[in-house]
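The values are calculated or read from the model by the stated rules, or taken from the named source; none is laboratory data. Remember, predicted model here, so these are calculated numbers, not experimental data. Please note: Cβ atoms are built from the backbone with ideal geometry, for glycine as well, and neighbour counts cover all protein chains shown.
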Amino acid sequence: MPRKTMIEAIREAMDVMMSRDSDVVVFGEDVGYFGGVFRATQGLQAKYGTSRCFDTPISELGIVGIAVGMAAYGLKPCVEIQFADYMYPAYDQIVSEAARLRYRSNGGFTCPLVVRMPTGGGIFGGQTHSQSPEALFTHVCGIKTVVPSNPRDAKGLLISAIEDPDPVIFLEPKRLYNGPFDGHHDRPVTPWSKHELGEVDDGHFAIPLGSAAIRRQGSAVTILAYGTMVHVAETAAAETGIDAEIIDLRTLLPLDLDTIEASVKKTGRCVIVHEATLTSGFGAELCALVQTRCFYHLEAPIVRVAGWDTPYPHAQEWDYFPGPARIGRALIETVEA
């Protein structure tokens with residue numbers, strides 16, 4: 001299989017679906033002629049024309065609102081919010097319209113809409129370009145939430161998302177976009193910040209939503225992670241020498257509870273890792289689910305490792321989100337408890 005960056009894989013997914021289905025349309029701020037701020041849509045307008053890949057005004061509310069109307073009448077919009085931090089004006093359209101359309105119409109209308117958003121930190125974007133708002137979506141009934149950790153998953157999951165008859169929030173960790181991460185500016189390159197190109201199948205293939213992946217087999221402790229944190233957790237496990245099993249959730253809703261439950265019952269311990277702030281983060285829901293389903297198998301308290309409960313700091317970005325040292329300490333404390 002050819003090796004590609006996550007950006008290339010995401011672009012391929014949209015290209016494949018636009019070629020297979022004339023109802024698929026792609027739009028957003030700078031998405032058409034410019035190809036997107038991260039070049040995820042580069043070349044799509046030239047290939048499919050301005051009626052299927054086009055630019056919009058700087059209005060996230062308008063982008064999603066238009067997309068909901070298009071989806072209700074049979075089109076399949078795949079729209080881009082330039083940064084996840086910009087989605088708040090569109091949140092009402094996502095929650096009040098897209099998520100509820102099937103239910104409020106008693107199945108008369110569906111909303112096959114995908115909202116793509118670059119998410120997370122690692123590029124020194126500060127508090128308005130680095131947020132991880134996944135918990136704001138997982139709280140809402142009627143929408144699915146996806147966070148890939150590698151190029152192949154990004155393509156397969158995005159194809160599934162576009163084919164899904166209901167709205168999907170597709171969060172793309174921007175720190176993983178372009179293969180090996182060079183540390184950016186004056187940040188030294190570290191092994192856990194480098195992500196090699198991934199092997200990606202050509203053509204159409206779909207990875208089912210709601211299916212987690214076991215990235216590392218182990219018996220001492222289960223690590224639940226998604227997006228960038230999967231790679232950081234792998235490095236932490238390697239550096240500590242702890243026999244950790246790492247579960248890449250891939251989709252937060254629907255959630256693969258069977259894989260999570262089987263792993264935690266096997267290891268008896270669980271560490272949950274995410275980049276978003278700790279309080280009311282998605283890790284709290286994971287903690288509650290593991291506690292409920294695996295209580296009699298747990299040999300130590302469940303531990304969460306997450307971002308600080310502060311606005312996203314620019315100068316201290318690499319200390320804000322969990323690194324191998326923080327995760328490593330949590331693993332050691334858990335297995336020694």
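Given the structure, is Thr279 of a type in the set (Ser, Thr, Tyr), outside the structural domain of Gly156 (by TED's automatic domain parsing), closer than 19 Å to Thr138 by Cα and at pLDDT below 95? No, not satisfied. If you check Leu331, Leu289 for being surrounded by 15 or more Cβ atoms within 10 Å (Cβ to Cβ) and either touching a residue at least 40 places away in the same chain (Cβ under 8 Å) or in a strand (DSSP E or B) (or both), only one passes: Leu331.
Among the residues that make up region 251-259, is at least one of them at pLDDT 95 or above and within 21 Å of Arg329 (Cα to Cα)? Looking for residues that are at pLDDT 95 or above and within 21 Å of Arg329 (Cα to Cα), one finds none in region 251-259, hence no.
Answer with yes or no whether Pro57 is out of contact with any Phe, Trp or Tyr (no Cβ under 8 Å at 6 or more places or on another chain), assigned by TED's automatic domain parsing to the domain that holds Gln131 and on the phi < 0 side of the Ramachandran plot. Judged against the criteria, Pro57 is a match. Leu255 meets all of the listed conditions (1) over 20 Å from Gly210 (Cβ atoms); (2) in a loop (DSSP other than H, G, I, E, B) but one, namely (1). Within region 292-328, the set of residues being in a loop (DSSP other than H, G, I, E, B), under 22 Å from the mean Cα position of the chain (by Cα) and farther than 17 Å from Gly122 by Cα comprises just one member, Asp309. Restricting attention to region 123-171, the residues that are in contact with a Leu (Cβ under 9 Å, 6 or more places away or on another chain) and of a type in the set (Asp, Glu) add up to 3. For region 193-233, the candidate set comprises residues that are among the acidic types (Asp, Glu) and either assigned to a loop (DSSP other than H, G, I, E, B) or within 22 Å of Lys265 (Cβ to Cβ) (or both); within that set, the residue that is modelled with the lowest pLDDT is Glu196. Among residues of region 294-330 being modelled with pLDDT of 95 or more and in contact with a Leu (Cβ under 9 Å, 6 or more places away or on another chain), the one that is farthest from Val230 (Cα to Cα) is Ile302. In region 198-217, the residues that are hydroxyl-bearing (Ser, Thr, Tyr) reach residues that are outside any loop (DSSP other than H, G, I, E, B) with C-beta atoms within less than 9 angstrom, at least six apart or across chains, in these pairs: Ser211/Thr251; Ser211/Thr259.
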